[in-house]
Structure formats: C-alpha cells, structure tokens
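The values are calculated or read from the model by the stated rules, or taken from the named source; none is laboratory data. Because the structure is predicted, anything quoted here is derived from the model rather than measured. All Cβ positions, even for glycine, are placed from backbone atoms using ideal geometry, and neighbour counts span all protein chains on display. Remember, those area values only see protein heavy atoms, side chains included, never the ligands or the DNA or RNA. Shrake-Rupley method; radii C 1.70, N 1.55, O 1.52, S 1.80 Å.
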Amino acid sequence: MTLYILPKEQLPVFVDKLKADFRVVGPVKTETGFAFDDIKQAEQLKLDYPTTILPPKKYFLPQREVLFNYHTSINEKGARQIDTEPVFQDVQPTIIFGVHTCDMTGISLYDKVFLEGFKDEHYLARREQILIIGIECLKPCDDASFCKDMGTLTAPPVYDLHMTEVESRYLIDTGSEKGEELLQKYGEVKLATTDDIRDLSRTLSAKWPRFRHRLKMSRDQLPSLLTINYGAITWDHLGERCLACGSCTNVCPTCFCFDVQDELDINMQDGQRTRLWDSCQLHEFALVAGGHNFRESKASRIRHRFMRKGKYIHQVHDILGCTGCGRCERACLVNITIPGTLNALHDEMQLDANPAAG
Amino acid sequence: MPAKPKIAFFDFSSCEGCQLTVIDALQTHLGLLDQVEIVQFREAMTEKQDTYQIAFVEGSCTREADEDRLRAIRKQAAVVVALGACAHLGGVNSMKNRWAIGNVQTYVYGEKNKETYPSYPARPISAVINVDAAIPGCPIDRFEFLHIVQMMLQGRVPKLPDYPLCVECKLSENACLNTLGKPCLGPITRAGCNAICTTYGDGCEGCRGFAPEPNFEYMREILRGHGLSETEIDARFTMFNHYQLQQMGEDAPLSPEGLQSLNGELPTSTFAAPKEAEGHG
Ligand code: SF4
Ligand code: SF4
Ligand code: SF4
Ligand code: SF4
Ligand code: SF4
C-alpha cells in the first residue's frame, strides 16, 4: 500500500523495539541450517536464510496443542460427570519476521482452511495476534525450490509488512493498518522516494532470471494432469520406494491434517484433549473402525498426497496445495519429489498417447 | 473405592535398565502409587506377595529354566506386559544368536567353564507365553510406561505409535542424520521415544522394534549410501531385532551371510574381539 525505507543498520533497532511489546520469531542459524525460533538478540535474525526444515506453520498450528482440560468425577447423583475448560495455547502478540513468499502462500491457505466457513476458535485466537513481516526472495533457496513454477515468487496479500532488500536499505511495503502502525510506532522509517521505487523495480525485475522452471507443464494444468493420471503406473513405482515416514507432509507449509487425542493425567481424573499433526502418508491415517483401510498401499497414499497438492485443495479453496518450497524434496530420503513425479506423470501420458515415442 | 490392582515386576536376561526407569518414573510421578499396589519388585523392595493382576516382565528368555517361571507368571497374572526391548523383541541379548550357542558359551566362559551356565538362543517372552502388551525401548521411555499403565487401568488396550520414528524426529525439527552422514534406522523403527537418540545426534538403532510396514529394501539403500558394507547393514538390522528377522526366514532382508547369522551359523572367526582387551591377550 505505502512504501517506506529502512536503512539496513536500523533493522536491529527496529527488532529490539518490537521485542519490548511482542514475541518476535524469525529465521535463526542452527547447528545444521536455519529454523524459525524466538529472537533473543536482534543480531540472531538472519533474513538472508535459504530455507528451514519446518515452515512457520508451527506458530499457526503447533505440533501439539491443548484444546481443553477436562476433569472427571462422580456427582451427587452417582453419575459420571465431565467438566471441561477450554485452553487457548500460545496466544500472545507475535511477530513472525522473514517469511518467504512461498510460506506466505501457505499461510493464506491455512487462513482459508481454518477460518472460512467453520471458524476454528483456537486457530483464530492465535491468528488474531500474529503479524507477518515478509521478505522478498531475490534468489532461490536451493536446487529443490520450484516456486517460480508454482507462482509463489510474489507475496500474496497476507502480510502486514513486506521487506525487500535493495542495496543498503530495505524497501518496506505495508499490507495492513496494523503493519502501518507497527512502522510508525517502532521503526525509524522514511517514505520511499521515486528513486527508491525505481531501484526497487530494478531489483525485482533482476530476480526472475535467477529462478528456474522445473515443471514440464504449467501449474494450471495440474488438476487435469492428475485427473488423467489417477491410474498411472508411476504411483506404483513411488509406492515401492516410499518409506511411509511422513516427513514430506510434516515439513509442508500447506499440510494441515491433525489427530485429536485425550491424554489422561496420572491421577486418572484430569486430562487434556490435544491436537497433534498427522500425516496421510502413515498407515493408520485412513484406517477406520472395523479395520478397513481406505488407503492400504503406500502407492495410494502417495497418490493421495499429490491429488491434494495439485487438485483437491484447489477444488475446495481455489488455491494450489503446493507452494514449490521444496521442503518435501529436501526431507525425503528416497528422493520422491513433486517436480520429478509430476514430470514422470507427464512423460507417462505422452508415452500412452504416442507409444512409438517410447 | 475398588481395591487397587496389584502389580508385580519380574526380570529375566536383562540389564535391569528398564526396571530402573520404572523406579525413576515412580519418583517423578508418585501419584501412580495411588492407583496401583506394587507387590513384587526385586529391584526396589524386599517384601513380596504372589498374588497380582498385572505382571511386568523385563528381560528375554535365554534358557530352559526361564520357561517354567514365565508360565507360572502367566498363570497368575490377568495381564502380562513385556517391559523393554529384551522382553519385547529379544533385544541386544539376541546378538549372540548369530553363532552356535556352544561357541558363544566357550567364548564367554572359557573352555573349562563353558557348561556352567547353560543357555540357548535369546527370544522375546512372547515366544514362550501370551503377552498382552509391550512397552518397547532400550530402555523404556518413562512417559510411555505411565501412559500404558493408565490405559490398562482404564480397561483400554494399550496402543503403540504405528508409524516410523521420523515423524517424531521431524516434529522436533531435527536435521536428518541420514543426510548428515550418520546412519539412522528411524524410517523402519517404531516411534514412541520422541526420537530421543536422533534429537541428541545419534542415529536410531531400532530398539523399539520395526514400524508396521518397514521398507527394508530402501533402508538398505540409504545405509549403503553411508558406505556401510552388507554385513555392517545386517548387523544394524539384527542388533535388537534378530528374532523378528529370524521369524521371516528366507524372506529376511539380509545378505546371504546375514541369513547365515540368523540361523546361528556364523563362523567363530567373526567374533569381534572386545576393543579394550586388544593387545593384552
Ligand atoms: S508439497 Fe513439497 S514443495 Fe509443495 S509446498 Fe509442500 S513441502 Fe513445499
Ligand atoms: S518423505 Fe518420502 S519416503 Fe517419506 S513418506 Fe514422504 S514420499 Fe514417502
Ligand atoms: S531393554 Fe535394554 S535397558 Fe531394558 S533390560 Fe533390556 S538391555 Fe536393559
Ligand atoms: S534422523 Fe533418522 S529418524 Fe530423524 S528424520 Fe532422519 S532418518 Fe528419520
Ligand atoms: S531413537 Fe531408536 S534407538 Fe533411540 S530410543 Fe528411540 S527407537 Fe531406540
């Protein structure tokens, strides 16, 4: 909406001021890479990080979340009574710094899933207190990225502030009133001049050639590609290799499936109902009472994941279920990748249509 | 209030590490003693009663004399729980099963005393008696122990996680050891320990047993990528799970030499000399 500039050396000052009133999280260096974590010192914030193992989704839907506490007792009439008390976990004013554009796309999908139609009150309570400060990607994280194919190289309108590094300064775009207030109150910013804006456009147009295409088809074709290839032999090949380890979905910024469990205390009276991340790649996911499993084979589970990413989620939420972040590819020990699989389906289709070409 | 269920602990071939973990758990979760009465626990108390409903059995069955004792426990207890990898899987004890038992006894006790402690290949207690539940791990995880006891007290069938360790490892946002040059059996191992070893940087050795649909073929492929030989991979697969693989017979995912080891046919030349003994003998 409005463009400001923040000199780079002012960033730590900005972060420190925010820390007085917010929990500030962002990418920090770990022993082996980077992860979103609490920023204890402003210098820890590494805005030029390549990628993280888990996306910032963990702040929107924690790996383990208490939904309510319960207490069971026997009342005066001798009947079992259960009292519950709702819990809203991790609800506090939070700023998530340095969110990549692909991950912001994941967050916009989360917002649709948890807030459109039925509103998930636990999600909502946290969400209302989260402010997102995005960072423009000027080069791909690594070879696993295919954000350009998935159209996530520009920021979706989910950010409160969005920063682009332009030489010695950040150009900051405000995406919401809260973002605007944040800058006014905590940042030493100036309005961008026409020169700043010219430099910004230059930076932005220079970035595109640095990203490569990895898909042999356009993303608009994905729903039909997957429909046609429901019975493809590729799924069986992948099923043989897959470890059913669930890493691909756990690290995915768009996966949101969860399981709900009751955890009883040692006194056998009090307990907690919890929500935990779940994965469609695990054997138990589609197992129902009576022992029937809708997706017994690993091949059918992998296919399901791809159908979700490229078709089903799009049908329901009008947004593709894959952002091209490449995390699943980095996490998969048997090299099952989104581009590799989609391209294999594409090739299999060409072969079917024109057997002589094989 | 109905009488508290009586529980008893027993040990067979084991290091008693799992019983120690139970003692640990009792110290941090004293409330458990409001729910159950412990009537036998050699590791922790001297009094004992012979009437109990739930028996926790630590250790594997490694000699004939173990069998009668196990059957007596089974007869008395309404519920028998295998406590830890030794009882649940056979565990590290089953490493000896790679060689003919006579050779193992000579190696351990010497030519003169080889008959002193008769033994046979190590097996999980389920090879001898019916087992109602297992608490996996070497040693067990104290929280899982408490959780399983609670489930039993509620009359529910205790359920173990039905997926590989990688799930817990990723939820903790660990960088994958298999991509950092450290072999890890996480993809074929049952979760439930909260990925304790990998979180502290050690590859999983499979002490909780195999996950329900282990992909052995590609697990071997991953381990080959670390430069491990076929024999080294076999050794990793069988470290805790020798018995389980032996049950698979010819289909066991091992090299030809590995299959030989399953049947106790490895030559004694493959005994590894204890490191600290080198140079002194
Ligand atoms: S499917 Fe893979 S590449 Fe796509 S968003 Fe999920 S983790 Fe990223
Ligand atoms: S990460 Fe790879 S091996 Fe694991 S479940 Fe996903 S596709 Fe299968
Ligand atoms: S499972 Fe491990 S810790 Fe438990 S008794 Fe056996 S060797 Fe000891
Ligand atoms: S370190 Fe081991 S348990 Fe963790 S993700 Fe890698 S293979 Fe799985
Ligand atoms: S990580 Fe593996 S070896 Fe370690 S406790 Fe868990 S299952 Fe056992």
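Residues of region A:275-299 that are surrounded by fewer than 19 Cβ atoms within 10 Å (Cβ to Cβ) and assigned to a strand (DSSP E or B): A:L276, A:L287, A:N293. Of all residues assigned to region B:24-42, none qualifies as being part of a loop (DSSP other than H, G, I, E, B), within 15 Å of ligand 3 (Cβ to nearest atom), more than 25 Å from B:Y117 (Cβ to Cβ) and modelled with pLDDT under 90.
Annotation for region A:213-228: no member residue is within 14 Å of chain B (Cβ to nearest Cβ), under 24 Å from the mean Cα position of the chain (by Cα) and not in a helix (DSSP H, G or I). Is it the case that A:T164 is out of contact with any strand residue (DSSP E or B) (no Cβ under 6 Å at 6 or more places or on another chain) and open to solvent by less than 20 Å² (accessible area, probe 1.4 Å)? Answer is no for this residue. Please go through region B:182-236 and give me each residue that is surrounded by fewer than 23 Cβ atoms within 10 Å (Cβ to Cβ), closer than 26 Å to A:F285 by Cα and among the hydroxyl-bearing types (S, T, Y), ordered by number. Matches in region B:182-236: B:T199, B:Y218. A:L243 passes every criterion in (1) crowded, with 21+ Cβ neighbours inside 10 Å; (2) in contact with a strand residue (DSSP E or B) (Cβ under 6 Å, 6 or more places away or on another chain); (3) not acidic (D, E) apart from (2). Close Cβ contacts (under 8 Å, 6 or more residues apart or on different chains) running from residues in region A:89-103 that are of a type in the set (D, E) to residues that are open to solvent by less than 10 Å² (accessible area, probe 1.4 Å) and part of a strand (DSSP E or B) comprise A:D90/A:E65. Within region A:111-130, residues that are over 20 Å from A:Q92 (Cβ atoms) have Cβ atoms under 7 Å from residues that are open to solvent by less than 60 Å² (accessible area, probe 1.4 Å) in these pairs: A:K112/A:H317; A:K112/A:I319; A:V113/A:F256; A:V113/A:H317, counting only partners at least 6 apart in sequence or on another chain. In region A:260-305, what residues are of a type in the set (V, I, T) and within 12 Å of ligand 2 (Cβ to nearest atom)? Within region A:260-305, A:I302 is the sole residue that qualifies. Assess whether B:V80 counts as being farther than 15 Å from B:S13 by Cβ and assigned to a strand (DSSP E or B). Spelling it out, B:V80 is indeed farther than 15 Å from B:S13 by Cβ and assigned to a strand (DSSP E or B). Selection of region A:58-82 for residues being open to solvent by less than 20 Å² (accessible area, probe 1.4 Å) and not in a strand (DSSP E or B) yields A:F60, A:L61, A:P62. Screening region B:165-178 for residues that are facing another protein chain (nearest Cβ under 7 Å), touching a helix residue (DSSP H, G or I) at 6+ places or on another chain (Cβ under 7 Å) and more than 7 Å from ligand 4 (Cβ to nearest atom) and picking the one that is farthest from B:P136 (Cα to Cα) gives B:L171. The conditions of being touching a His at 6+ places or on another chain (Cβ under 8 Å), away from chain A (no Cβ under 11 Å) and buried (at least 16 other Cβ atoms within 10 Å of the Cβ) are not met by B:I140.
Report yes if A:V13 is away from chain B (no Cβ under 13 Å) and either assigned to a helix (DSSP H, G or I) or among the small types (G, A, S) (or both), otherwise no. Here the answer is yes, as A:V13 does meet what is asked. Got at least one residue in region A:253-260 being in contact (Cβ under 8 Å) with a residue 12 or more places away in the chain, closer than 22 Å to A:E65 by Cβ and at the interface with chain B (Cβ under 10 Å from one of its Cβ atoms)? No, every residue in region A:253-260 fails to be in contact (Cβ under 8 Å) with a residue 12 or more places away in the chain, closer than 22 Å to A:E65 by Cβ and at the interface with chain B (Cβ under 10 Å from one of its Cβ atoms). Residues considered: B:T21, B:T106, B:T51. Of these, the only one that is among the β-branched types (V, I, T), modelled with pLDDT under 95, on the phi < 0 side of the Ramachandran plot and in a helix (DSSP H, G or I) is B:T106. Residue-level check: of (1) surrounded by fewer than 22 Cβ atoms within 10 Å (Cβ to Cβ); (2) modelled with pLDDT of 95 or more; (3) assigned to a helix (DSSP H, G or I), A:I302 misses just (1).
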